[in-house]
1. Mean Kyte-Doolittle hydropathy of -0.5 or higher plus an axial Cα length of 18 Å or more: which whole DSSP H helices in the chain meet both?
2. Which whole-number percent of Cα pairs in region 43-127 have a distance greater than 14 Å?
3. Can you find, among 109, 124, 57, the residue sitting farthest towards the positive end of the charge dipole of region 1-156, where Lys and Arg contribute +1 and Asp and Glu -1 at Cβ?
4. Hey, any idea what the orientation-averaged projected area of the convex hull of region 92-161's Cα atoms comes to, in nm²?
5. For region 14-164, take every pair of Cα atoms, bin their distances at 10 Å starting from 0, and report each bin as a whole percent.
6. Over the chain, one equal point on each Cα, no solvent: what is log10 I(q)/I(0) by the Debye formula at q = 0.14 Å⁻¹?
7. Extending each Cα 7 Å along its Cβ direction at residue 98 and residue 255, get the distance between those two points in nm, one decimal.
8. For region 1-86, max minus min Cα coordinate along each principal axis, in Å, sorted largest first?
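The values are calculated or read from the model by the stated rules, or taken from the named source; none is laboratory data. These numbers come from a predicted model, not from an experiment. Positions of Cβ are backbone-derived with ideal geometry, glycine not excepted, and every protein chain shown enters the neighbour counts. With ligands, DNA and RNA removed, areas are computed over all heavy atoms of the protein, side chains included. Shrake-Rupley method; radii C 1.70, N 1.55, O 1.52, S 1.80 Å.
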Amino acid sequence: MTNKVKENMSLAAKILVGILYCLPVLLAVLFSFHSNDSIATIPLKFIPEHPTLENFIYVFENVPIFTYLKNTVIMLIIIIPVQVILGSVTAFSVTFFDFPLKNFLFSLFLVAMVIPGEVNVIANYTTIQAAGLMDTYLGMTIVSFVNISSMFMLRQHMMTLPISLWEAAKVDGCSVMRYFFRIVLPLSKSIIAAQVLTSFIHVYNSYLWPLLVTSTEEMRTVQTGIANLVRDMYWNSGGALAGAVVCMIIPIVVYIIGLDQIVNGLTAGAVKN
């Protein structure tokens, strides 16, 4: 078997896997333009004979979709800047400074990365409830302020920066904060952008925690709100699919725009000079 044939087979396999990944999204889009009666017909027709917008009209008229989106956007505005600040400052500290138990603390970070988040749900819930933060934006966001994987990726990237740059800055009288803001952060733009985009997708798709700490419709996020539509799929499956399609648009657009930044950021610390 020649190399050309192997390359074509590999390409065909990748295309097939890509189609399989995109197929549920494509089916959701197609069925969202069906009427509820046509979705229930047998045999099932994937492409609607008479496309309709009645499902989308139902969503916008009967579901507070913009309230869900507003709450999700507020969560993003709160969480992402805090994650970037805490992650970059922590990574800078463990990279450029020596202090007692430095390696031990960094090892704890690595251990925390492999612990499933669900393990801490009960402890976090009881803490938020005791603090009176139920149905508040702070209660919805505070458990996501620290992102260990973001700290780790930033630290790995900062280790690739030449140590001579840090030494030359100290000789020239550059303060620590000036070096951090004027040199380290600009050189870390690609990986910070990648972390912002991955955090965006994670927060936008979060379901369990917002569901636990909110009990009113006014504080529901996108995922928890759409779950109510899915619960009613037995009588309005078209509306549930239309709501899912509306909520998919934002993360898909953000992901497409930031795809290059994600790739660059994930490979930024792969090679050490």
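1. TM-like helix candidates: 3-32, 65-96, 189-204, 233-267.
2. 81 percent
3. It is 109, whose Cα lies furthest towards the positive end.
4. Details: hull surface 23.9 nm².
Its average projected convex-hull area is 6.0 nm².
5. Computed distribution, short to long bins: 9, 21, 22, 22, 17, 7, 2, 0.
6. One equal scatterer on each Cα of the chain leads to -1.11.
7. 4.5 nm
8. Result, largest extent first: 58, 53, 15 Å.
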